[in-house]
Amino acid sequence: MAEDVIIIGSGPAGLSAALYTAREGYNPLVITGFPAGGQLLLTNTVENYPAFPDGVQGSDLVELMRKQAERFGTRFIIDEVVDVNFSSKPLKIKTASEEYQANCVIIASGASSNWLGLPSEQKLIGKGVSSCATCDAPFFKNKDVIVVGGGDTAMEDSLFLTKFVKSITIVHRRDQFRASKIMKDRVLSNPKIKVMWNSALEEVLGETSVVGAKIKNLQTTEITTLEVQGVFIAVGYTPNTKFLVNKLKLDEKGYIITKDEVKTEIKGVYAAGDVADRVYRQAATAAGSGIKAAIEARTYLQNLHYKKRA
C-alpha cells in the first residue's frame, strides 16, 4: 500500500514538511539521507534562527525539530534515496535497501557545500572553518580571516564579512576573478580586503581552532603562512539531486526547477529547501519552503482522496 507522503531529506525543510503533514494526519515517512539533519550539523551555534535568543547548537535544533515531528506521527527511516520513478502513480522511491510507494513526495534533500578536501580543513569544520559567511560571520568580529574562491559566492561572502571582521585575504587559484564585474569592483575597492592571486590553500593550522593557514603560490611554489582565525570556503554548493537526473527538470547546476515556489512539473511532487534554492540557503528559509510544500501536498491529497471516494 502506498504511503500518503514520503519526504526525502531531514534538514529544516524536510522536518518542517513532516511536522505540517503529520499534524494533518498523513503519518509521513521521512527518508533521512546521510547525514541525517543536513548542513545544520556542520554549524556549532545557530544564532539567526527565530525563537532562540541565546542561540542553539545546530545538532540540537535538528533534534528538537525531529522530536516535534515525531510527536504527531512522523516516521523516520535512516537510508538514502538512489532512484525514483515518477512516470506513473503511485510514485516510486528506491533506497539502497528498499522500494517505497507514495501518493505524494516532498523532496528536501538539500545541497552540500563544496570543500577542498584537505584533512586539516575537514578537522576544523565548525571550529573556525566555515562554508557559510551569512551564518557564521558574527563569530569572527575583529578577527583576520581568509576566503577561498573567485566566483560570485566568494565576492558576496567577502563583502558580507567586512561588516564584522578586521581583515580578509581572498585566496584564488587564478590571476583574475570569475565573478561579475560589479562584484569584482566592489571587492577590489574595499580597504579591508586583499587578494593572493595564483594561490591555493595548502593547510589550515590549529588543533581545536583555526590559528593560521599555509598558502601556496601556484607559480613559484612558495609557501606563505598567515595568522588568521577563520577560513571560509566559498567554492559553491552542489544540490543533492543525482537520483533525480532525467526524472525531474533540473537547471544547469542541478537544482530542481520549480514553479509557484515549491511545485515541480509532476503533480504530487514538491521541492523544498536548498535542493531548489540557489540564493538564500538559510535554515529559516528552508523551513518556510518545507511548510509551503506541506500545504500544497495537503491540497493535492485532499483532492486525490475526494476523487477516490466519489
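Throughout, read-outs are computed from the coordinates displayed, never taken from laboratory work. The structure presented is a predicted model; accordingly, all values stated were derived computationally and were not measured. Quick reminder, even Gly has a Cβ in these numbers, built from the backbone with ideal geometry, and neighbours come from all protein chains shown.
Does segment 119-233 come out rounded, prolate or oblate by the C-alpha gyration tensor, with a ≥ b ≥ c the root eigenvalues, rounded set by a/c under 1.5 and, if not, prolate when a/b is larger than b/c and oblate if not? Mind showing how you got there, number by number?
Working: a/c = 1.76, a/b = 1.12, b/c = 1.57.
Here segment 119-233 falls in the oblate category.
Under 13 Å from a label point 7 Å along Cα→Cβ of Asn48: give me every residue in segment 265-285 with its amide N that close.
Within reach of a label on Asn48: 279-285.
Among the lysines, which have Cα under 26 Å from the Cα of Lys89 when same-chain residues fewer than 8 positions away are ignored?
The qualifying lysines are Lys242, Lys247, Lys249, Lys259, Lys263, Lys267, Lys292, Lys307, Lys308.
Simple spin-label model, 7 Å along Cα-to-Cβ: Lys249 to Ser112 in nm?
2.7 nm
Could you tell me the distance between the Cα centroids of segment 232-310 and segment 13-45, to the nearest Å?
Using only Cα atoms, the two centres lie 14 Å from each other.
Output the relative contact order of the chain, whole-number percent, from Cα pairs under 8 angstrom with separation of 6+ residues.
For the chain, the relative contact order is 21 percent.
In nm, to one decimal, how far is the modelled label at Gln57 from the one at Thr238, with both set 7 Å along Cα→Cβ?
2.9 nm
Can you put Tyr20, Tyr255, Tyr280 in order, fewest other beta carbons within 10 Å first? All intermediate terms of the calculation are to be shown ahead of the outcome.
Details: Tyr20 23, Tyr255 19, Tyr280 13.
Exposure proxy ranking, most exposed first: Tyr280, Tyr255, Tyr20.
Could you work out the percent of alpha carbon pairs in segment 66-177 separated by over 16 Å, rounded to a whole number? Let's see the in-between values first.
Values: 4492 of 6216 pairs.
The share of Cα pairs beyond 16 Å in segment 66-177 comes to 72 percent.
Sequence neighbours fewer than 8 away in the same chain don't count; with that in mind, list the lysines whose C-alpha is under 21 Å from Lys192.
The reachable lysines, counting only those whose Cα sits under 21 Å from Lys192, are Lys141, Lys143, Lys163, Lys166, Lys181, Lys184, Lys214.
Only counting other Cβ atoms within 10 Å, I'd like Asp83, Asp274 sorted with the fewest neighbours first. Mind dumping the intermediate values first?
Values: Asp83 15, Asp274 28.
By the 10 Å Cβ count, ascending: Asp83, Asp274.
Among the Cys residues of the chain, which have no other cysteine Cβ under 4.7 angstrom away?
Isolated Cys, the chain: Cys104.
Using Cβ counts within 10 Å as a stand-in for footprinting exposure, how do Ile168, Ile78 rank, fewest first?
Arranged by neighbour count, lowest to highest, Ile168, Ile78 become Ile78, Ile168.
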